[in-house]
Every structure is written in C-alpha cells, then in structure tokens.
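Colleague: Starting off with a structure, shown below.
Any read-out appearing in this document is the output of simple, stated calculations on the displayed coordinates, not a laboratory observation. The model shown is predicted, which means the values in this text are computed figures rather than measured ones. Cβ sites come from the backbone with ideal geometry, for glycine too, and all protein chains shown count toward neighbours.
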Amino acid sequence: MGFLDRMSTVVQAKMNKIMDRIEDPRETLDVSYEKQLQLLQNVKRGVAEVATSKKRLDLQKAKLQLNLDKLDGQAREALQAGREDLARRALENKASIQAQMATLDQQIADLAEQQRKLMEAESRLATKVEAFRTKKETIKAQYSAADAQVKITESVTGISEEMADVGMAVQRAEEKTENMRARSAALDELLESGTLTDYSGGDDLDRELAKVKAQSSVNDMLAKMKEEMKK
Amino acid sequence: MIIRILGEGQFRLDDSLVQKINKIDNQIVDHVSKGKKTEYVQDLANLISTIKELAEPVDPVEILPSDIIIPPSDLSFEEARKVFCDEGLIKG
C-alpha cells in the first residue's frame with residue numbers, strides 16, 4: 001500500500017468520526033453545518049494560541065539577549081582584573097546561550113509559518129462553510145427531487161474532508177506549541193539555575209562535537225576580547 | 001483529479017500526471033521502510049512542490065472530495081512511520 005493511500009485512510013477515519021450517527025439526510029446537513037461553525041471557532045482559538053506561544057518565545061529571546069550582554073560585560077571585567085578563569089567561565093555561558101538563541105530563532109520561525117498556514121486554513125474553511133450554507137438551503141428546498149440524496153452525500157463528504165484536514169492542522173499546532181512550551185520552561189529553569197551548558201539532544205558524538213565547537217568559540221571570543229582591551 | 005495537500009487545501013491536477021505522483025509516493029514508502037530520513041524529507045518536499053507546480057488551486061467555494069491526500073509538508077519522519085504502523089497521524 002502506498003504512502004498516500006495510508007494518508008487517505010487516516011483522513012477517512014477522521015471524516016467518519018465527523019459524519020457519525022446521522023440518519024435523516026436533511027438532518028445531516030444541519031448537523032454538519034453546526035460542526036463546521038464549531039470547528040471555525042476552534043481554528044480561531046488555534047491561531048490565537050500559536051500567536052501567544054510565539055510571543056512567549058520572543059520574550060524569552062529578549063531575556064537571553066540581556067543575559068548575553070551581561071555575560072559579555074562580566075567577561076571584560078574579569079579580564080581587566082586579571083582573572084582569565086572567570087572570563088572563560090562567563091564566555092562559556094555566553095557560547096551556550098548563543099546556541100540556545102539559534103534554536104529559539106528556528107522555533108520562532110516555525111511558529112510564524114504555522115500561524116500563517118492556520119490563518120489561511122481558517123479563511124478557506126470560512127469560505128467553504130458559507131458556500132455550504134447556501135447549498136444546504138438549496139438542497140433542502142429540492143429535497144423531493146431524486147438527486148437530492150446524492151447531492152447531500154457529495155457536499156457533506158466534501159466538507160467533512162475539509163473539516164478533517166483543518167481539525168488535524170489545529171491538533172498538530174496544539175501539540176507543537178505544547179512541546180515548545182515545555183522546552184521553553186526547561187530553558188527558563190536552566191537560565192535561573194545558571195547551568196546553561198546543556199548539550200542535550202543528539203547522540204554522544206553530537207554532544208562531544210558540540211562541546212568542542214563551544215570550546216573553540218570560547219577561545220576565539222577570549223582572544224578577541226584580549227585584543228580589544230590592548231587598544 | 002483533485003488532490004488535497006493537508007493544511008494547504010485542494011488542487012486540480014491533470015490525470016495524466018498521476019504517474020509522476022505515484023513514482024514519488026513509492027520512493028517515500030521505500031525511504032520510510034528503510035529508515036532513510038534525509039531522503040524522506042527531500043522526497044516529501046519534492047512531492048509537494050511538484051504538485052504545486054503542476055496543479056491549479058481549487059477555489060475554496062467549491063466543495064469536492066479529493067482523489068489523493070498528500071501529508072502536510074512538516075510531517076516528520078517519526079510521524080510518517082506512525083502512519084505506516086496504522087497508528088494514524090493523530091491519536092483519536
């Protein structure tokens with residue numbers, strides 16, 4: 001079975017859940033419409049949630065930037081006082097904050113993209129819901145006609161697919177923001193405890209390489225700082 | 001033929017181009033079963049950009065069922081695996 005067939009099965013399962021337990025075809029139209037309106041509200045909430053998460057990360061980034069500036073100042077002071085060991089420690093912290101900042105930038109960009117997509121989905125769904133409302137009244141008026149049943153099935157199936165799609169997008173966005181919230185809380189804790197040298201993620205090799213890289217960037221920063229202070 | 005890219009709406013594609021889509025689909029199956037993560041990411045991006053390039057977006061006013069469903073562009077390798085394990089993309 002191909003990958004795309006599997007995807008269809010996944011979406012079909014969602015659609016079945018949406019179209020569940022409706023017997024009277026006329027009722028199908030109204031129940032579906034109710035669900036569409038509910039979903040529209042959910043999408044709006046989803047968009048707001050993503051926006052809030054993004055704002056939280058923006059704030060965290062500003063906080064990290066303040067930390068960077070502070071550590072920079074401390075390293076300079078330490079060097080002036082002839083304490084290279086302290087300067088090195090400050091710069092080590094600086095290097096790990098810089099690494100965290102890069103991750104944060106990526107997450108902020110991800111959320112911005114997510115927000116854009118959800119907003120587009122919301123606008124597509126709103127258009128479809130409005131089209132469905134008009135269609136539903138037309139079909140109801142012609143219900144005695146033999147092809148009404150076919151039309152009902154067609155439009156309900158079509159809109160249910162859209163709803164399954166948008167519903168999944170909202171759920172995935174929620175999962176993502178939840179993950180980010182957890183990571184962001186962990187980062188806050190690390191910041192507070194002052195033990196930012198967290199080379200988590202990846203395997204042993206990744207961690208070792210990250211350490212080597214951080215060490216060499218500390219050496220570079222230290223050398224540069226000394227150079228500047230000579231002037 | 002109507003194609004839905006999850007999270008991005010529907011597109012109308014000429015039936016004669018389905019072969020192209022099927023070919024990439026088979027490659028993706030292969031990558032997922034062999035654990036080739038990088039190739040999977042590349043081919044999923046390739047699949048989506050191919051469709052966007054060849055197909056016309058469907059006007060949102062039209063209410064139509066799709067013939068093919070394409071996963072969202074940010075579907076991770078781990079999520080793709082789950083789709084194959086019959087666990088579905090999202091619980092429930």
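Colleague: Structure shown: which of A:Lys70/A:Lys176; A:Lys35/A:Lys140; A:Lys44/A:Lys117; A:Lys55/A:Lys176 lie over 22 Å apart, alpha-carbon to alpha-carbon?
Modeller: Working: A:Lys70/A:Lys176 32 Å; A:Lys35/A:Lys140 18 Å; A:Lys44/A:Lys117 12 Å; A:Lys55/A:Lys176 15 Å.
Those over the limit are A:Lys70/A:Lys176.
Colleague: Something else now. I need the fraction of alpha carbon pairs in the stretch A:52-121 separated by more than 13 Å, rounded to a whole percent. Please list the in-between numbers first.
Modeller: Working: 1632 of 2415 pairs.
For the stretch A:52-121, the fraction of Cα-Cα distances above 13 Å is 68 percent.
Colleague: How much FRET efficiency would the formula 1/(1 + (r/R0)^6) give for A:Glu175 and A:Asp85, where r is the Cβ-Cβ distance and R0 is 56 Å, rounded to 0.05?
Modeller: After rounding, the FRET efficiency stands at 0.80.
Colleague: Choose one answer from A:Lys94, A:Lys61, A:Lys140: the residue with the largest mean-square fluctuation in a GNM of chain A with alpha-carbon springs under 10 Å.
Modeller: Checking each option, the largest mean-square fluctuation is seen for A:Lys140.
Colleague: At each listed q (0.10, 0.11, 0.12, 0.14 Å⁻¹), what is the log10 of I(q)/I(0) that the Debye formula gives for the protein assembly as shown modelled as equal alpha-carbon point scatterers?
Modeller: Cα-only, vacuum Debye calculation for the protein assembly as shown: -0.72, -0.82, -0.91, -1.10.
Colleague: Please tell me the relative contact order of chain B in percent, rounded to the nearest whole number, where contacts are Cα pairs under 8 Å and at least six residues apart.
Modeller: 41 percent
Colleague: Using only Cα atoms, what Kirkwood radius does the stretch A:43-82 have, in angstroms?
Modeller: 12.3 Å
Colleague: Over all distinct Cα pairs, what is the inverse of the mean 1/r for the stretch A:1-141, reported as the Kirkwood hydrodynamic radius in Å?
Modeller: Kirkwood radius, the stretch A:1-141: 19.9 Å.
Colleague: Same structure again: If the only charges are +1 at each Lys and Arg Cβ and -1 at each Asp and Glu Cβ, what is the size of the charge dipole of the protein assembly as shown around the Cα centre, to the nearest 20 debye?
Modeller: Details: 50 positive and 58 negative charges, 188 e Å.
Charge dipole of the protein assembly as shown: 900 debye, to the nearest 20.
Colleague: If you don't mind, there's one more thing I want to ask. Once you charge only the Cβ atoms, +1 for Lys and Arg and -1 for Asp and Glu, what is the size of the charge dipole of the stretch A:7-130 about its Cα centre, to the nearest 20 debye?
Modeller: Dipole magnitude for the stretch A:7-130 comes out near 300 debye.
Colleague: Short version: ³J(HN,Hα) in whole Hz for each residue of the stretch B:3-9, in order, from phi by Karplus 6.51 cos²θ - 1.76 cosθ + 1.60 (θ = phi - 60°), x for Gly and Pro, what are they?
Modeller: Once rounded to whole Hz, the list reads 10, 10, 9, 4, x, 10, x.
Colleague: R0 = 35 Å: FRET efficiency of B:Phe84 with B:Lys20, Cβ-based, nearest 0.05?
Modeller: Plugging the Cβ-Cβ distance into 1/(1 + (r/R0)^6) gives 0.95.
Colleague: Right, next: Assuming 0.36 nm per residue, please report the length gained on full extension of the stretch A:Lys224 to A:Arg116 beyond their Cα-Cα distance. Working shown, then result.
Modeller: Values: separation 108, 0.36 × 108 = 38.88 nm, distance 4.13 nm.
Full-extension gain reported as 34.8 nm.
Colleague: A follow-up question, please. Taking only Cα atoms, what is the 0 to 90° angle, nearest 10, from helix A:204-230's long axis to the longest principal axis of chain A?
Modeller: Taking Cα atoms only, the helix is inclined about 50 degrees.
Colleague: In nm², what is the average projected area of the convex hull enclosing the Cα atoms of the stretch A:68-212?
Modeller: Mean projected area for the stretch A:68-212: 12.7 nm², to one decimal.
Colleague: Further, regarding this structure: Evaluate the relative contact order of chain A (contact order divided by residue number), counting alpha-carbon pairs under 8 angstrom at least 6 apart; express in whole percent.
Modeller: Once normalised by length, the contact order is 33 percent.
Colleague: Arranged by the count of other C-beta atoms within 10 angstrom, fewest first, what order do A:Met101, A:Met221 take?
Modeller: Taking fewest neighbouring Cβ atoms as first place, the list is A:Met101, A:Met221.
Colleague: Now for a different question. Give the percent of DSSP beta bridges with both residues in chain B that are antiparallel, rounded to the nearest 5.
Modeller: Restricted to chain B, the bridges split so that about 65 percent are antiparallel.
Colleague: Report, as an integer, the average count of C-beta atoms from other chains found within 10 Å of each Cβ along B:55-66.
Modeller: Taking all residues of B:55-66 together, the mean is 6.
Colleague: Rounded to the nearest 20 debye, what is the charge dipole size of the stretch B:1-65 about its Cα centre when +1 sits on each Lys and Arg Cβ and -1 on each Asp and Glu Cβ?
Modeller: With only Lys, Arg, Asp and Glu charged at Cβ, the dipole is about 340 debye.
Colleague: If the limit is 20 Å between Cα atoms, which of B:Lys36/B:Lys82; A:Lys211/B:Lys34; A:Lys63/A:Lys211; A:Lys14/A:Lys136; A:Lys61/B:Lys37; A:Lys211/B:Lys36 go over it?
Modeller: Exceeds cut-off: A:Lys211/B:Lys34; A:Lys63/A:Lys211; A:Lys14/A:Lys136; A:Lys61/B:Lys37; A:Lys211/B:Lys36.
Colleague: Once the dipole of the stretch B:12-72 is set up with Lys and Arg at +1 and Asp and Glu at -1 on Cβ about the Cα centre, which of B:Ile48, B:Ile28, B:Ile63 lies farthest towards its positive end?
Modeller: Most positive-ward Cα: B:Ile28.
Colleague: In terms of the Cα gyration tensor, with a ≥ b ≥ c the square roots of its eigenvalues, is the stretch B:14-55 rounded because a/c is under 1.5, prolate because a/b exceeds b/c, or oblate?
Modeller: Numbers: a/c = 5.10, a/b = 1.82, b/c = 2.80.
Because a/c hits 1.5 or more and a/b fails to exceed b/c, the stretch B:14-55 counts as oblate.
Colleague: To two decimal places, what compactness ratio does the stretch A:102-158 give when its Cα radius of gyration is scaled by 2.2 N^0.38 Å? Don't jump to the answer; show the numbers that get you there.
Modeller: Working: Rg = 19.1 Å, N = 57, 2.2 N^0.38 = 10.2 Å.
Normalised Cα radius of gyration, the stretch A:102-158: 1.87.
Colleague: Relative to the longest principal axis of the C-alpha atoms of chain A, give the angle of the C-alpha long axis of helix A:148-193, reported between 0 and 90° and rounded to the nearest 10°.
Modeller: Between helix and principal axis, roughly 20 degrees.
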